[in-house]
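For reference, the structure is listed below as structure tokens.
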Amino acid sequence: MIPKVDADGTVERDSVEGDHVKSGALYNSPFLRACRREKADYTPIWLMRQAGRYQREYREIREKVSFLELCKTPELAAQVTVMAVDQLNVDAAIIFADILLIVEPMGVGLAFNKGEGPSIARPVRSGRDVDQLKEVNVGESLSFVFEAVRIARRELAPGVPLIGFCGAPFTVASYMIEGGASREFAQTRSLMHDDPGAWNALLERIVRASADYLNGQIMAGAQAVQVFDSWVGCLDEQEYRRLVLPHTQALIRAVSPGTPVIHFGVNTGSMLKAIREAGGDVIGLDWRVNLAEAWETVGYDVGVQGNLDPNVLLTSTDEIRRQAKIILNQAAGRPGHIFNLGHGVLPNTPVENAKALVDAVHEYAVGR
Ligand code: CP3
């Protein structure tokens with residue numbers, strides 16, 4: 001299909017594919033304008049992990065179904081996706097899923113245990129383990145996510161963009177190798193250094209599957225995608241550049257042209273230039289960095305997303321408003337800032353405080 005060109009010359013790229021609502025309201029939404037570093041009426045905001053246990057309605061659903069069942073039931077996954085937008089009045093939705101869903105069809109055995117987080121039954125520890133992984137056919141094994149995207153796109157207001165996502169190759173590989181959460185990433189780093197052939201083969205597999213997975217979400221109706229590199233901050237810049245950057249770069253380059261990519265990492269303050277080199281239209285910043293300095297470091301030819309400390313949402317409305325203002329002042333009204341937390345919403349966050357943050361960011365534009 002040929003992209004539609006408006007009278008003012010703008011191409012409505014969100015109307016190119018999929019059966020979702022096609023409207024200029026979507027293309028011109030503050031979130032997508034910020035992704036393209038265009039001026040918007042106000043700074044758009046959404047929150048990483050905006051759907052989750054801090055919401056009473058989410059906990060009620062989780063009393064009836066497990067986390068994996070929730071992810072694999074498209075109507076329910078779409079429902080919690082849309083619910084978060086309705087409740088918080090954020091400027092974008094993120095599809096309810098998980099960065100680890102992609103490892104299940106590789107055959108490693110994925111489980112989410114109560115209170116312990118994710119676990120992998122058969123961790124990958126050698127080149128032989130890598131060779132035994134199954135090649136992922138996302139249309140067969142992850143179609144429930146695409147269906148959830150289609151339903152959510154239909155149910156969201158026409159002007160609210162939907163974000164698709166996946167884990168970055170390093171973070172996904174680290175779970176596959178460690179078998180679960182880790183502090184030291186000892187096994188991951190030993191495979192990286194002792195058997196770079198196996199390491200590269202593993203990351204190439206993850207990139208192939210993740211590229212298909214992101215493009216499948218885009219085809220189904222996502223307007224932007226985010227790549228989460230939650231654990232990459234455990235590496236030094238040299239290791240990152242040599243053993244990780246080329247893979248993340250290959251993934252980001254494989255995303256359908258015209259769809260903005262947000263590239264987010266945690267604890268990346270000392271390697272932001274390298275993160276930026278790996279790609280992304282918008283660089284996600286954690287709360288440890290000063291947004292103004294970080295934006296200067298990554299360059300004004302990309303947008304930035306962030307970066308309020310999630311712990312601030314555990315304080316008072318006054319403090320939330322004060323801290324939000326500090327970050328907005330650091331962004332200084334430059335087009336291309338998407339307000340977000342510096343990492344996900346904490347499970348003990350009062351919903352009222354998350355709402356207060358969204359209101360504060362929206363109101364600030366009025367008084368600017
Ligand atoms: O942001 C959203 O609202 C969309 C949903 C989303 C989830 N996970 C749902 C989820 C997103 C974007 C993710 C990404 C994700 N998953 C990341 C990257 C973001 C980050 O926080 O760094 C990571 C590292 C994971 C892996 C993962 N999944 C962990 C470590 C856990 C356990 C953490 C915990 O809080 O228990 C999960 C489970 C998970 N994923 C939950 C949710 C809502 C909690 C499940 C539950 O008990 O209901």
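The values are calculated or read from the model by the stated rules, or taken from the named source; none is laboratory data. The structure presented is a predicted model; accordingly, all values stated were derived computationally and were not measured. Cβ sites come from the backbone with ideal geometry, for glycine too, and all protein chains shown count toward neighbours. For accessibility, only protein heavy atoms count, side chains too; no ligands or nucleic acids. Shrake-Rupley method; radii C 1.70, N 1.55, O 1.52, S 1.80 Å.
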Can we say G306 is in contact with a strand residue (DSSP E or B) (Cβ under 7 Å, 6 or more places away or on another chain), surrounded by fewer than 23 Cβ atoms within 10 Å (Cβ to Cβ) and within 20 Å of I163 (Cβ to Cβ)? no
Looking at region 137-145, can you tell me whether even one residue there is of a type outside the set (A, V, I, L, M), within 15 Å of the ligand (Cβ to nearest atom), in a strand (DSSP E or B) and open to solvent by less than 50 Å² (accessible area, probe 1.4 Å)? no
Considering A77, A84, which residue is in contact with a Cys (Cβ under 8 Å, 6 or more places away or on another chain), open to solvent by less than 10 Å² (accessible area, probe 1.4 Å), within 11 Å of the ligand (Cβ to nearest atom) and at pLDDT 95 or above? A77
Count, please, the residues in region 94-118 that happen to be over 20 Å from V65 (Cβ atoms) and within 7 Å of the ligand (Cβ to nearest atom). 0
Whether any residue in region 34-56 is within 11 Å of the ligand (Cβ to nearest atom), open to solvent by 20 Å² or more (accessible area, probe 1.4 Å) and outside any loop (DSSP other than H, G, I, E, B) is what I want to check. no
How many of the residues in region 153-192 are within 16 Å of the ligand (Cβ to nearest atom) and part of a helix (DSSP H, G or I)? 13
R150 being part of a helix (DSSP H, G or I) and either open to solvent by less than 40 Å² (accessible area, probe 1.4 Å) or more than 15 Å from the ligand (Cβ to nearest atom) (or both): yes
Residues of region 153-204 classified as free of Cβ contacts under 8 Å to residues at least 60 places away in the same chain, acidic (D, E) and either farther than 30 Å from C35 by Cα or open to solvent by less than 10 Å² (accessible area, probe 1.4 Å) (or both), total: 3
Taking region 287-309 and keeping residues in a strand (DSSP E or B) and free of Cβ contacts under 8 Å to residues at least 60 places away in the same chain leaves V304, Q305, G306, N307, L308
All but one of (1) under 19 Å from A78 (Cβ atoms); (2) surrounded by fewer than 16 Cβ atoms within 10 Å (Cβ to Cβ) hold for Q132; which doesn't? (1)
Would you call A254 away from the ligand (no atom under 16 Å from the Cβ), crowded, with 18+ Cβ neighbours inside 10 Å and more than 16 Å from the chain's Cα centre (by Cα)? no
